[in-house]
Amino acid sequence: MFWCVCAYTHTSACARARTHAGHHHHHRHRRHGNPPSGVPCFGDMVNLVGGVVNATMGFILPPILKLKLFPGMSLAAKCAHVAISAFGVAALVLTLIFTVEDLADPDHSC
């Protein structure tokens with residue numbers, strides 16, 4: 001982009017723009033893959049928080065709330081809701097186990 005403009009104008013502003021663009025590009029390479037937010041192991045944090053929140057909000061709380069709000073459900077419906085909540089608890093525990101194992105691995109890289 002700068003080459004097209006600079007090839008026709010030959011101004012010092014163009015040289016500054018090229019230098020600035022190269023300087024900025026240099027900073028991107030110097031970061032060595034760190035996430036833009038600067039949080040180390042950001043993906044692991046997202047795995048941990050996402051797994052806990054998704055299991056809780058998607059599988060654990062809705063059946064429990066329905067059991068509390070509609071106490072007159074049939075026994076089969078109550079058992080199904082308890083099974084869904086149990087699945088959510090299992091998913092939550094497995095998420096915690098796998099994420100902590102991954103973080104505890106000495107060869108783990110972010």
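The values are calculated or read from the model by the stated rules, or taken from the named source; none is laboratory data. Note that the structure is predicted; figures quoted are calculated from it, not measured. Note that each Cβ is placed from the backbone with ideal geometry, even for glycine, and that neighbours are counted across all protein chains shown. Please note that ligands, DNA and RNA were not included when accessible areas were found on the heavy atoms of the full protein model with its side chains. Shrake-Rupley method; radii C 1.70, N 1.55, O 1.52, S 1.80 Å.
Of note:
- When CYS41, CYS79, CYS110 are compared by accessible area of protein heavy atoms, the largest-first order is CYS110, CYS79, CYS41, using a 1.4 Å probe.
- Summarising the label geometry, the points placed 7 Å from Cα in the beta-carbon direction at ALA80 and LEU103 lie 3.7 nm from one another.
- The heavy atoms of PHE87 present about 120 square angstrom of accessible area, all protein chains included, probe 1.4 Å.
- Solvent-accessible area per residue for the stretch 50-110 (1.4 angstrom probe, square angstrom): 69 Å²
- For LEU75, solvent-accessible area (1.4 Å; no DNA, RNA or ligand), Å²: 130 Å²
- List LYS78, LYS68, ordered by accessible area with a 1.4 Å probe, largest first: LYS68, LYS78
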